[in-house]
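Just below is one structure, and these are the notes that go with it.
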Amino acid sequence: MKRIFLTGLFASLIAVACFAQKPYKVVFYNFENLFDTIHDPGVLDEEFTPEGPKKWNSAKYTRKIGNLERVLFDIAAEDKDYPVVIGVSEIENRSVMEDVIAQPKLAPGNYRIVHYDSPDARGVDVAFYYRPDVFKLEGSAAIPFKMPELPNFRTRDFVTMWGTIDSEPFFFLVSHWPSRLGGKEASAPKRLAAAKQVKHIVDSVTAANPATKVVVMGDLNDDATDDSIVEGLNAKGKIKEVGKGDMFNPFISLLKAGYGTLAYRDEWNLFDNIIVSENLATGSTGSLKIQPAGNSKFYGGIFRRPYMIQKEGQYKGYPLRTFVGNDFQGGFSDHFPVYIYIAK
């Protein structure tokens, strides 16, 4: 009798474990110049062609695709579950995105794509992968960057998508803010303009439906503690500081603790951020909210593995990138990916 009881109890525990909800992982990854090998007229992509200075060919492209597959699969293997949303930047077109998720280790994720061609001079875009079994897409749109002082300035669009997760409304935005070309201070007004436009979009969404949970992600070309993020987005670094109309950026704490996603002149920066609305931080509406990243005290995570790191030379310890100048390194990206978890 005791044996039968224990067997039944064990079976019940397995059933509970099977139906217990895993936290949903949301990821952002700068793919670092994922170009195909074909020149597109009107786009400054000659550098990434077989005739260009980087001698970008099918063999190098195939290796790059395989490297991205390895990273994204290892991100999934960490939880034994594919991320529900992956935002990406520095991709040339939809075709290169399709090549990544067609790889054998990623195909079971059954990802769908939200992508729009943007007016960036080099032809690089931002986009999303999403799992339709979890995120129920209702719509998407590309919103152009606008700065009245620079009406002819062209850069990446803000790509948005909306729908539901567990019947709760969600709005995602991915962006790649203007670079620091010309210096951090001289270029700062462009990123502040991007931040204010993103905040306006977020405020409009939450005004229309206060229950909507918003996730803003991207390579912001500013650190998590810079004015564009802290002031432009009203981003706070601690959940207890987040009030109505504010946003929560878990990567502020990571940066202050000495972590980064890219290195420059032997210093780490944290340009890759995932920032969430007040209700997703505090749980003030619905049941889903941001969770600590694994066993960490932080609410955001940076994914890095030894194989993703340069082992020797001038850039030892940096992310192992695809090129240094025109010298092919066979690496992954000059950025590490970042992630958050959401759950009930």
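The values are calculated or read from the model by the stated rules, or taken from the named source; none is laboratory data. As the structure is a computational prediction, the values presented were derived from the model and not from experiment. Heads up, the Cβs are rebuilt from the backbone with ideal geometry, glycines too, and the neighbour counts pull from every protein chain shown. For accessibility, only protein heavy atoms count, side chains too; no ligands or nucleic acids. Shrake-Rupley method; radii C 1.70, N 1.55, O 1.52, S 1.80 Å.
For segment 149-181, give me the residue count where each residue is part of a loop (DSSP other than H, G, I, E, B) and open to solvent by less than 70 Å² (accessible area, probe 1.4 Å).
Adding up the residues that qualify gives 10.
Scan segment 227-263 for residues that are assigned to a loop (DSSP other than H, G, I, E, B), touching a strand residue (DSSP E or B) at 6+ places or on another chain (Cβ under 9 Å) and either aliphatic (A, V, I, L, M) or under 20 Å from SER277 (Cα atoms) (or both) and jot them down.
Of everything in segment 227-263, those that are assigned to a loop (DSSP other than H, G, I, E, B), touching a strand residue (DSSP E or B) at 6+ places or on another chain (Cβ under 9 Å) and either aliphatic (A, V, I, L, M) or under 20 Å from SER277 (Cα atoms) (or both) turn out to be LEU233, ASN234, GLY237, LYS238, VAL242, GLY243, ASP246, ASN249, PRO250.
For a quick check of your reading of the model, give me the residue pairs whose first member lies in segment 64-91 and is touching a residue at least 40 places away in the same chain (Cβ under 8 Å) and outside any helix (DSSP H, G or I), whose second is open to solvent by 40 Å² or more (accessible area, probe 1.4 Å) and not hydrophobic (A, V, I, L, M, F, W, C), with beta-carbon atoms closer than 7 Å and at least 6 apart or on different chains.
Filtered contacts from segment 64-91: ASP79/LYS22; ASP81/LYS22.
Sort out which residues of segment 264-281 are in contact with a strand residue (DSSP E or B) (Cβ under 7 Å, 6 or more places away or on another chain) and surrounded by fewer than 20 Cβ atoms within 10 Å (Cβ to Cβ), and write them in order of number.
Correct list: ASN269 only.
Collect the residues in segment 182-220 that are open to solvent by 20 Å² or more (accessible area, probe 1.4 Å), outside any helix (DSSP H, G or I) and not hydrophobic (A, V, I, L, M, F, W, C), keeping them in residue-number order.
Result: GLY182, GLY183, ASN209, PRO210.
Restricting to segment 102-114, what's the tally of residues that are open to solvent by 30 Å² or more (accessible area, probe 1.4 Å) and either within 15 Å of VAL174 (Cβ to Cβ) or in a helix (DSSP H, G or I) (or both)?
3
Checking the conditions here, which among LYS311, LYS289 is open to solvent by 50 Å² or more (accessible area, probe 1.4 Å), of a type in the set (D, E, K, R) and over 28 Å from GLY330 (Cα atoms)?
Of LYS311, LYS289, the one residue that is open to solvent by 50 Å² or more (accessible area, probe 1.4 Å), of a type in the set (D, E, K, R) and over 28 Å from GLY330 (Cα atoms) is LYS289.
Is one or more of the residues making up segment 326-339 more than 30 Å from GLU51 (Cα to Cα) and hydroxyl-bearing (Ser, Thr, Tyr)?
Yes, segment 326-339 has at least one match.
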